[in-house]
Amino acid sequence: MKKIAEHLYQFSIYIPPMDFTIHQYLMDTDPAILFATGTVQQAQAVLPEIKEILGERELKYIFVSHVESDEAGGIAVFQKEYPEMIVLCSDLAARELPGYGFTCHITPVREEITIEDGELDLCFINYPADVHLQNGVLCMDKKSGIMYSADLFLQYGNGVGQLIQSNWETEVSAIDEDRMPGLQNQKKLKESLALCKPKIVAVGHGFCMEV
């Protein structure tokens with residue numbers, strides 16, 4: 001566990017043979033939100049640390065960018081500890097997750113939706129990264145300026161606890177076919193991201209960015 005910004009904790013595993021890092025993040029705001037659950041094994045490993053950070057407080061939200069084991073595989077682990085938690089995800093994920101046996105509260109979100117709750121002011125960016133490039137979502141807390149970017153800015157290397165300096169406009173303009181297939185998809189995504197002004201980009205894989 002690494003605290004990489006105010007209210008933001010990073011939980012990571014680094015896989016040397018792949019030179020690849022997988023992150024989940026907890027914002028210990030009131031209410032608290034977890035970005036990505038990790039796999040079942042990862043969720044079981046980080047749950048005790050999350051409980052220690054939150055103490056008697058509940059984990060109210062889990063944000064799932066798209067349906068993949070490192071994003072959503074550990075939902076049931078957290079639901080057992082926090083049965084009233086709410087999973088925020090795309091419309092597609094909201095349809096798919098019950099088919100995997102998840103019985104938690106699920107709330108679909110998309111670009112025109114915002115959630116204001118206590119210290120959180122969440123907005124969402126449509127991100128066509130799910131099955132067959134259908135709708136996934138990214139999430140940004142406008143109060144803290146923290147954005148969870150899932151796989152969009154994926155980099156190889158050991159990114160555990162690393163926060164590098166970058167420029168938001170440069171990162172957005174560099175989105176290419178490898179990061180987002182399809183010129184129309186790239187155009188729409190870049191237009192949406194250009195309206196955001198994050199301070200910290202919490203990546204799913206690689207190196208977090210201060211922008």
Checklist outcome for this item: Taking first residues from the stretch 179-205 that are more than 18 Å from VAL64 (Cα to Cα) and second residues anywhere that are in a strand (DSSP E or B) and at pLDDT below 95, the pairs with Cβ under 6 Å that are 6 or more apart or on different chains are ILE200/ALA5
Checklist entry - For the stretch 155-192, which residues satisfy the criterion of being within 17 Å of LEU133 (Cβ to Cβ), surrounded by 17 or more Cβ atoms within 10 Å (Cβ to Cβ) and of a type in the set (A, V, I, L, M, F, W, C)? => result ILE175, MET180, LEU189
Checklist entry - If you check every pair at least six apart or on different chains, which have Cβ atoms under 9 Å apart with a residue in the stretch 74-86 that is farther than 15 Å from LYS51 by Cα and among the basic types (Lys, Arg) first and a residue that is at pLDDT 95 or above and surrounded by fewer than 19 Cβ atoms within 10 Å (Cβ to Cβ) second? => result none
Item to check | Pair list, Cβ < 7 Å and 6+ apart or interchain, from the stretch 121-145 residues that are free of Cβ contacts under 8 Å to residues at least 60 places away in the same chain and closer than 23 Å to LYS199 by Cα to residues that are surrounded by fewer than 16 Cβ atoms within 10 Å (Cβ to Cβ) and hydrophobic (A, V, I, L, M, F, W, C) | outcome: PHE124/ILE113
Item to check | Failed condition for PHE102, given (1) outside any helix (DSSP H, G or I); (2) at pLDDT 95 or above | outcome: (2)
Item to check | Odd one out for TYR61, checked against (1) crowded, with 22+ Cβ neighbours inside 10 Å; (2) over 14 Å from the mean Cα position of the chain (by Cα) | outcome: (2)
Checklist outcome for this item: When the stretch 12-26 is checked residue by residue, the ones that are more than 11 Å from GLY159 (Cα to Cα) and surrounded by 11 or more Cβ atoms within 10 Å (Cβ to Cβ) are GLN24, TYR25, LEU26
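Taking the stretch 115-138 as the region of interest, how many residues are under 21 Å from GLU191 (Cβ atoms), aliphatic (A, V, I, L, M) and assigned to a strand (DSSP E or B)? Let's see the steps before the verdict.
In the first step, residues of the stretch 115-138 are kept if they are under 21 Å from GLU191 (Cβ atoms); the result is 122-130, 133-138.
Narrowing further to those that are aliphatic (A, V, I, L, M): 122, 125, 129, 133, 137-138.
Filter once more, so that each one left must be assigned to a strand (DSSP E or B): 122, 125, 137-138.
Of the residues in that region, 4 qualify.
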Checklist outcome for this item: Taking the stretch 26-68 and keeping residues out of contact with any Leu (no Cβ under 9 Å at 6 or more places or on another chain) and closer than 22 Å to ASP130 by Cα leaves ALA36, THR37, GLY38, THR39, VAL40, GLN42, ALA43, GLU68
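Within the stretch 139-148, is even one residue buried (at least 19 other Cβ atoms within 10 Å of the Cβ), of a type in the set (Val, Ile, Thr), at pLDDT 95 or above and in contact with a strand residue (DSSP E or B) (Cβ under 6 Å, 6 or more places away or on another chain)? Full working, then the answer.
Here is the first cut: in the stretch 139-148, the ones buried (at least 19 other Cβ atoms within 10 Å of the Cβ) are 139-141, 144, 146-148.
Keeping just the survivors that are of a type in the set (Val, Ile, Thr) gives 146.
Restricting the remaining residues to those that are at pLDDT 95 or above gives 146.
Among the residues that remain, those that are also in contact with a strand residue (DSSP E or B) (Cβ under 6 Å, 6 or more places away or on another chain) are: 146.
Yes, because at least one residue in the stretch 139-148 is buried (at least 19 other Cβ atoms within 10 Å of the Cβ), of a type in the set (Val, Ile, Thr), at pLDDT 95 or above and in contact with a strand residue (DSSP E or B) (Cβ under 6 Å, 6 or more places away or on another chain).
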Checklist entry - Looking only at residues in the stretch 9-58 that are among the aliphatic types (A, V, I, L, M) and in a strand (DSSP E or B), which one is nearest to VAL77 (Cα to Cα)? => result LEU34
Item to check | the stretch 190-211 - residue that is outside any helix (DSSP H, G or I) and of a type in the set (Lys, Arg) and, of those, farthest from VAL172 (Cα to Cα) | outcome: LYS199
Next on the checklist: I'd like to check something: does the stretch 33-56 contain any residue that is surrounded by fewer than 21 Cβ atoms within 10 Å (Cβ to Cβ), free of Cβ contacts under 8 Å to residues at least 12 places away in the same chain and on the phi > 0 side of the Ramachandran plot?
Outcome noted: yes
Item to check | Selection from the stretch 144-167 of residues that are assigned to a loop (DSSP other than H, G, I, E, B) and of a type in the set (S, T, N, Q) | outcome: SER144, GLN155, ASN158, GLN162, SER166, ASN167
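The values are calculated or read from the model by the stated rules, or taken from the named source; none is laboratory data. Please read all numbers here as calculations on a predicted model, not as lab measurements. Glycine also receives a Cβ, built like all others from the backbone with ideal geometry; neighbour counts cover every protein chain displayed.
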